[in-house]
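Asks: Input: one structure, supplied below.
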Amino acid sequence: MEENRVEYKTVDEYIAAFEPEVRRILETLRREIRETAPEAKEKISYQIPTYEQRGNLVHFAAFKGHIGFYPGASGIAAFQEELSGYKGAKGTVRFPIDKPLPYELIRRIVRYRVAENEERAAAKALRKRKSAEGPGRSEVRNEL
């Protein structure tokens, strides 16, 4: 038997599916992410709001008792101490829906993830450029 599952195509559709109180939280979270990472592309992935800039940055989702925030394992590890008061796992944190979200902390995590992705992309581009240039002088000299 097939489940009647909603397939979201946009973040607007996702947010509109919730009751007004939850929608306000999700809209604020969305705005904070977009202002912090204005170059990030917004999309639905895994049927939840996703932001990517040179790779995935963060995802979020609403549940009955919490807002799930997914900055990946590195985002959680980098802010482990500040996130210690929240439930979570390797790449996720659960913010209770009945308490204000820590938007300043969320902004710092998003900035961290942007910097991490930019650094990774720059290192990859450098490796690619070096590979395209061929062996360096010392490598050529050793071959003679």
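The values are calculated or read from the model by the stated rules, or taken from the named source; none is laboratory data. If you're wondering where the values come from, they're calculated on a predicted model, not measured in any experiment. Glycine also receives a Cβ, built like all others from the backbone with ideal geometry; neighbour counts cover every protein chain displayed.
Asks: Tell me, which residue of region 1-22 that is aliphatic (A, V, I, L, M) and not in a helix (DSSP H, G or I) is farthest from L101 (Cα to Cα)?
Replies: Here the residue is M1.
Asks: Now for a different question. Regarding region 50-68, can at least one residue be identified that is of a type outside the set (S, T, Y), under 30 Å from R120 (Cα atoms), at pLDDT below 95 and in contact with a helix residue (DSSP H, G or I) (Cβ under 6 Å, 6 or more places away or on another chain)?
Replies: Yes, region 50-68 contains at least one residue that is of a type outside the set (S, T, Y), under 30 Å from R120 (Cα atoms), at pLDDT below 95 and in contact with a helix residue (DSSP H, G or I) (Cβ under 6 Å, 6 or more places away or on another chain).
Asks: Oh, and also: Look through region 47-74, keep the residues that are among the hydrophobic types (A, V, I, L, M, F, W, C) and over 20 Å from R108 (Cβ atoms), and return whichever of them is surrounded by the most Cβ atoms within 10 Å (Cβ to Cβ).
Replies: Top of the filtered list is A62.
Asks: Select from region 28-41 the residues that are part of a helix (DSSP H, G or I) and of a type outside the set (V, I, T) and write down the one among them that is nearest to I97 (Cα to Cα).
Replies: Taking the candidates together, the pick is L29.
Asks: Restricting attention to region 90-116, and to residues there that are touching a Lys or Arg at 6+ places or on another chain (Cβ under 9 Å) and of a type in the set (A, V, I, L, M), which single residue is surrounded by the fewest Cβ atoms within 10 Å (Cβ to Cβ)?
Replies: Going through the qualifying residues, I end up with I97.
Asks: Across region 31-48, what is the number of residues that are without any contact (Cβ under 8 Å) to a residue 24 or more places away in the chain and under 14 Å from A61 (Cα atoms)?
Replies: Within region 31-48, residues that are without any contact (Cβ under 8 Å) to a residue 24 or more places away in the chain and under 14 Å from A61 (Cα atoms) number 2.
Asks: From the list A77, A61, which one is farther than 28 Å from T10 by Cβ, outside any loop (DSSP other than H, G, I, E, B) and of a type in the set (A, V, I, L, M)?
Replies: A77
Asks: Would you mind finding the one in I25, I44 that is crowded, with 16+ Cβ neighbours inside 10 Å, out of contact with any Cys (no Cβ under 7 Å at 6 or more places or on another chain) and assigned to a helix (DSSP H, G or I)?
Replies: Just a single option satisfies the conditions, and that option is I25.
Asks: Let me ask something else about it. List pairs: first residue in region 91-111 and in a loop (DSSP other than H, G, I, E, B), second residue of a type in the set (F, W, Y) and surrounded by 14 or more Cβ atoms within 10 Å (Cβ to Cβ) anywhere in the structure, Cβ distance under 7 angstrom, at least six positions apart or on different chains.
Replies: Pairs that qualify, where the first residue is in a loop (DSSP other than H, G, I, E, B) and the partner is of a type in the set (F, W, Y) and surrounded by 14 or more Cβ atoms within 10 Å (Cβ to Cβ), are G91/Y70; L101/F95.
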